[in-house]
């Protein structure tokens, strides 16, 4: 389904982005490097910009943030 650009919702992309932002804030508060979370957020935001409704697709749509022009 991902290959066909179909991402039925099990866990919404917007929920994953929200959780990643909470994790990033907690890491920063704890003084822990957040490079990985920053990369996840950058990719999540890119994917959200490439799908019609980020709340209506699964977190699997994150792949859309990795493929240019998809």
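The values are calculated or read from the model by the stated rules, or taken from the named source; none is laboratory data. Just so we're clear, the structure is a prediction, and the values are computed from it rather than from any experiment. Cβ coordinates were reconstructed from backbone atoms using ideal geometry, including for glycine residues, and neighbour counts include every protein chain displayed.
Structure notes:
- Which listed residue is free of Cβ contacts under 8 Å to residues at least 60 places away in the same chain, on the phi > 0 side of the Ramachandran plot and over 8 Å from the mean Cα position of the chain (by Cα), from 5, 31: 31
- If you go through the stretch 29-41 and keep only what is in a helix (DSSP H, G or I), in contact with a helix residue (DSSP H, G or I) (Cβ under 8 Å, 6 or more places away or on another chain) and either at pLDDT below 90 or surrounded by fewer than 14 Cβ atoms within 10 Å (Cβ to Cβ) (or both), you end up with just 38.
- Flag: residue 51 matches the condition of being under 14 Å from residue 13 (Cβ atoms) and assigned to a loop (DSSP other than H, G, I, E, B).
- Filter result (over 21 Å from residue 56 (Cα atoms) and surrounded by 15 or more Cβ atoms within 10 Å (Cβ to Cβ)) within the stretch 12-28: 23, 24, 27
- Checklist (1) surrounded by 14 or more Cβ atoms within 10 Å (Cβ to Cβ); (2) part of a helix (DSSP H, G or I) applied to residue 9, failing item: (2)
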